[in-house]
Amino acid sequence: MPICPKSVDNAPEFVLLISKAYPPVVGGVETYAEEVAKAYLEKGLKPVILTQTTGPIGLRTVHYPCGVVDLYNVNSSGDSSGMLKQRNQPLSLIRMFNILPSIFRKYEFAFVHCTTWRPAVAVLPHLGKLPLILSIHGREVLNFPTLLRPFLSLIVNRATALVAVSNATLSIAGPALGKASVKKKGVRAFNGITFREQSFSFSRNYEITPPIIELLTVARLAARKNIQSCLIALSELRDSGVENFRYTIAGKGPLLPQLTRLAKDLKLEDKVSFLGYVPDCELPLLYQRSHVFLHPQTNEGEGNDFEGFGLVIADAMSFGCAVIAGKDGGPKDFVSHDVNGLIVDGSNLSDIVRSLRAVVTDQMLRNRLGSNAHAYALRELSWSNHVETIIQSITQHLETN
């Protein structure tokens, strides 16, 4: 059954994908938008992207192995490093609103998918009866100026489905979205993994006993990621006589100077490396050479914020890393304790130390967790499954309306 009843002659159905930004601008939502666009292409749909990103303003085509998408850039928003210039977002919203009438005249869309709620403000007056999909990641529906609340309510009421990336997101964001709306329209669709081809082709040799256990964290260096607890836990591990580890931290953020000083104060300079920002193309090699992935996140330190999903955790699992993840937020939806990873209370240092000691000293445990994580991620976490859930929700909506 076609999504849009007007589709004829096997012509591809167009999907309007609206995102606050798009690669090469760097960020989690930007990665989400690109992965969803590619998954739509693989389903035989034709995404048209309205966004802000680097490069010239206007229409361009973006080529992927699975097809080509039309991209409308309303604002040259990225600097040379691919970071988003936040001050341009209000202007981008206005430009989105102004260009949408011509986009709707050019394409016949099956539905509209907004990857976050704020850009949806621009499309509301143009929707007509088209289905509207709204992705919910977490903090974006908890942290915004009060004067924007009526707009969020309008968008939630108009949405066909509220697609949350985890059960935790549905639960925590429920009060902000309205519990009745979440109950009626809420759908959980796990994110996919980022490096599917590389992780499918990667085979970890679990028979070798490595002399040094490589530990890895990939994260924004902020309080909620709880890297300071990892450093303290590792110092306690070393002081107890367990020294066969090396810890690599990839990412940048406000706590980099503090964490660097902490590593020095703990006399961990010979065991800890800070890589700073690492481009996506270099991450697979980091995952492949690592045995354990540390991410004992908490909900503390950044106001109304939490780990909606934890894509880097999923990516580490896809390469067979034994993961240690925090109990707060979405990761516990796909990390099963003592099955394909370890879940810890990030606010309990003893819990982190105990789990670290286990995965560093117990090769059988480390291998079992890593092998199970690899199998689970490749089997369950795919962008194809994510967009299939979206398509099913739209099909169900059309059949009942």
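The values are calculated or read from the model by the stated rules, or taken from the named source; none is laboratory data. Quick caveat, the model's predicted, so the values are computed rather than measured. When we count neighbours, we look across all protein chains shown, and the Cβ atoms used for this are built from the backbone with ideal geometry, even at glycine.
Out of all the residues in region 269-285, which are over 18 Å from the mean Cα position of the chain (by Cα) and not β-branched (V, I, T)? Break it down stepwise before answering.
Within region 269-285, the first condition is being over 18 Å from the mean Cα position of the chain (by Cα), and the residues that meet it are 269-276, 285.
Passing the criteria: E269, D270, K271, S273, F274, L275, G276, L285.
Given the options R238, R224, name the one that is in a helix (DSSP H, G or I) and touching a residue at least 40 places away in the same chain (Cβ under 8 Å). Write out each step before concluding.
Values: R238 fails: touching a residue at least 40 places away in the same chain (Cβ under 8 Å).
Within the list R238, R224, the selection yields R224.
Right, I99: within 25 Å of the chain's Cα centre (by Cα), more than 21 Å from E388 (Cα to Cα) and part of a helix (DSSP H, G or I) or not? Explain how you work it out, then say what you get.
Values: within 25 Å of the chain's Cα centre (by Cα): no; more than 21 Å from E388 (Cα to Cα): yes; part of a helix (DSSP H, G or I): yes.
The answer is no for I99.
Considering region 143-162 alone, what residues qualify as being without any contact (Cβ under 8 Å) to a residue 40 or more places away in the chain, in a loop (DSSP other than H, G, I, E, B) and in contact with a helix residue (DSSP H, G or I) (Cβ under 9 Å, 6 or more places away or on another chain)?
Once the filter is applied, which keeps residues that are without any contact (Cβ under 8 Å) to a residue 40 or more places away in the chain, in a loop (DSSP other than H, G, I, E, B) and in contact with a helix residue (DSSP H, G or I) (Cβ under 9 Å, 6 or more places away or on another chain), region 143-162 yields F144, A159.
How many residues, within region 356-373, are buried (at least 24 other Cβ atoms within 10 Å of the Cβ) and farther than 15 Å from P296 by Cα?
The number of residues fulfilling the criteria is 3.
Take region 217-267 and flag every residue that is modelled with pLDDT of 95 or more, more than 19 Å from I324 (Cα to Cα) and of a type in the set (G, A, S).
Across region 217-267, the qualifying residues are S240, G241, A263.
If I filter region 320-355 down to residues being surrounded by fewer than 19 Cβ atoms within 10 Å (Cβ to Cβ) and among the aliphatic types (A, V, I, L, M), which single residue comes out as farthest from the chain's Cα centre (by Cα)?
Residues of region 320-355 surrounded by fewer than 19 Cβ atoms within 10 Å (Cβ to Cβ): 333, 336-339, 345, 347-350, 354.
If we keep only those that are among the aliphatic types (A, V, I, L, M) as well, we get 339, 349.
Details: V339: 23, L349: 26 Å.
Only one residue tops the list, namely L349.
Restricting attention to region 72-110, and to residues there that are at pLDDT 95 or above, farther than 14 Å from P23 by Cα and hydroxyl-bearing (S, T, Y), which single residue is surrounded by the fewest Cβ atoms within 10 Å (Cβ to Cβ)?
S102
Kindly indicate the residue of region 272-283 that is surrounded by fewer than 19 Cβ atoms within 10 Å (Cβ to Cβ) and in contact (Cβ under 8 Å) with a residue 24 or more places away in the chain and also farthest from D351 (Cα to Cα) among those meeting that condition.
Step one: of region 272-283, the residues surrounded by fewer than 19 Cβ atoms within 10 Å (Cβ to Cβ) are 273-282.
Now drop any that are not in contact (Cβ under 8 Å) with a residue 24 or more places away in the chain, which leaves 273-278, 280.
On the way: S273: 23, F274: 24, L275: 27, G276: 27, Y277: 29, V278: 29, D280: 31 Å.
Ranking the candidates gives D280 first.
Pick from region 118-154 the residues that are β-branched (V, I, T) and out of contact with any Ser or Thr (no Cβ under 9 Å at 6 or more places or on another chain): which of them is farthest from S92 (Cα to Cα)?
Taking region 118-154 first, the residues β-branched (V, I, T) are 121, 123, 133, 136, 141, 146.
Cutting the leftovers down to out of contact with any Ser or Thr (no Cβ under 9 Å at 6 or more places or on another chain) gives us 121, 123, 146.
Details: V121: 12, V123: 13, T146: 21 Å.
The qualifying residue farthest from S92 (Cα to Cα) is T146.
Of all residues in region 125-158, which are closer than 16 Å to S19 by Cβ and either at pLDDT 90 or above or aromatic (F, W, Y) (or both)?
Hits for region 125-158 are L132, I133, L134, S135, I136, H137, I155.
So, in region 208-221, exactly how many residues are touching a residue at least 60 places away in the same chain (Cβ under 8 Å) and loosely packed, with under 15 Cβ neighbours inside 10 Å? Break it down stepwise before answering.
Step one: filter region 208-221 for residues touching a residue at least 60 places away in the same chain (Cβ under 8 Å), giving 209-210, 213-219.
Then drop every residue that is not loosely packed, with under 15 Cβ neighbours inside 10 Å, which leaves 209-210.
Qualifying residue count, region 208-221: 2.
Of (1) outside the structural domain of S135 (by TED's automatic domain parsing); (2) within 25 Å of H137 (Cα to Cα), I390 satisfies all except one. Which?
(1)
Looking at A122, A159, A176, which is the one that is among the small types (G, A, S) and under 21 Å from the mean Cα position of the chain (by Cα)? Explain how you work it out, then say what you get.
On the way: A122 fails: under 21 Å from the mean Cα position of the chain (by Cα); A159 fails: under 21 Å from the mean Cα position of the chain (by Cα).
After ruling out the rest, the residue left standing is A176.
Report the residue count in region 246-275 for those that are more than 25 Å from T31 (Cβ to Cβ), in a strand (DSSP E or B) and among the aliphatic types (A, V, I, L, M).
1
Are any residues in region 371-401 farther than 25 Å from K184 by Cβ and in contact with a helix residue (DSSP H, G or I) (Cβ under 8 Å, 6 or more places away or on another chain), and if so, which ones? Spell out the reasoning first.
The initial filter retains those residues of region 371-401 that are farther than 25 Å from K184 by Cβ, namely 371-384.
Correct list: A373, H374, Y376, A377, L378, L381, S382, W383, S384.
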